[in-house]
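Here is the structure we will look at.
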Amino acid sequence: MPLAVHTLMAPETTLGLWHIEETPDELLPLCTPIDRAQADRFVAASRRREWLAWHALLQSLCPGVQAHYDDQGGPILENGLHIGVSHTSDYAAVILSPRPCAVDIEKIDRNYSRVLPRYASAAEQALGASLSDPTLYPALFWCAKETLYKLKRIPGIDFLQDLHVEAVDASTETLDTRFRQQPQRLHYRIYDALCCVFGWE
C-alpha cells in the first residue's frame, strides 16, 4: 500500500505520507488530467516520479482538487485549503489545512556534515548533541528550518540569522522554533529512516 500515513494532526489539518513504490507510468492514472499533461515537462524520470507521487497523494487526500502555483512557486489549491509539500527519492508528503501550513521530509542517514554549519548555529549544534539520540538532529533541524522557511514564504530568509531551533521535546514530538522574533511550534515524526517535520499557523 503506497499510502504510508494519513492522519488528522489537528482540527481540519491532515498529513499524508506516500511511500513511492510506483513507476511514473503507474502514478499517472492516479493524477488529474492537468497533472498528467504537466508531468511531461520533466525530463528526468526520478523528478517526474516524485512530482507525480505528491499529486497522487493529494488526490487520495482530497479527490478532484487541482494544485496551482503562486508567484514564488509554492503550491496553492483552488478550494481554499492551504497546502504544504515535500518529497525525496522514496517518499512524498502533503499537509492540508485551513491555515497556512508546511511540511518537510528528509532521510536521517543523509550526510549533513558539509552543510551543517550553514543552517545550524553553534548553540543549535550543542542542543542537538544533547538529545537522547544526537544522530537525529542534523535531519531534524534541517527539516525544521525548511518547514519554517516554507511556512513564512518570505524572500531572502537566512537559515542561520532568521530561523532558530530553541527546544526539542521528544515526549510530545514537538520543536520550539523562532522566525526572527516570532515563536513557532512545529511537530515531528520519525518513520523508519525518514524525518518529517510539519506545522501550521
Taking neighbour counts of Cβ atoms within 10 Å as a proxy for exposure, in what order, fewest first, do Glu173, Glu22 appear? Glu173, Glu22
Could you work out the relative contact order of region 3-99? I mean the mean sequence separation of Cα pairs under 8 Å and 6+ apart, divided by the number of residues, in percent. 32 percent
Could you put Asp90, Asp71, Asp35, Asp169 in order, starting from the residue whose Cβ has the fewest other Cβ atoms within 10 Å? Asp71, Asp169, Asp90, Asp35
Out of Pro138, Leu160, Cys101, whose Cα points farthest toward the positive end of the dipole of the chain (charges: +1 Lys, Arg; -1 Asp, Glu; placed on Cβ)? Leu160
Quick one: 3J(HN,Hα) in Hz for region 161-173, Karplus 6.51/-1.76/1.60 with θ = phi - 60°, rounded, Gly and Pro as x. 8, 9, 10, 9, 9, 10, 7, 10, 10, 5, 5, 9, 6
Rel. contact order, % - alpha carbon contacts under 8 angstrom, at least six apart, the chain: 16 percent
Using 0.36 nm times the number of residues separating Ser60 and Glu26, minus their current alpha carbon distance, what extension gain do you get? 10.8 nm
Rounded to the nearest 500, what is the chain's calculated 222 nm mean residue ellipticity when only DSSP H runs of at least 4 contribute -39500 (n - 2.57) each, over all residues? -8000 deg cm²/dmol
Over region 105-200, what is the relative contact order in whole percent, taking alpha-carbon pairs under 8 Å and six or more residues apart? 30 percent
Once exposed loop trypsin sites (Lys or Arg not before Pro) are cut out (DSSP; at most 16 other Cβ, 10 Å), longest piece of the chain: 1-109
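Rank-order 7-15, 97-105 by packing density, defined as the average count of other C-beta atoms within 10 Å over each peptide's residues, highest first. Walk me through the intermediate numbers first.
Details: 7-15: 14.4, 97-105: 21.8.
Packing proxy ranking, top to bottom: 97-105, 7-15.
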Distant-in-sequence amide H partners of Asp90 (H built 1.01 Å from N, under 5 Å): none
Quote to one decimal, in nm, the extra length available between Val5 and Arg114 on full extension: 0.36 nm per residue of separation minus the C-alpha distance between them. 36.1 nm
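All of the numbers you see were taken from the coordinates with simple rules; none came from a lab. Note that this is a predicted model, so its numbers are computed, not measured. Quick reminder, even Gly has a Cβ in these numbers, built from the backbone with ideal geometry, and neighbours come from all protein chains shown.
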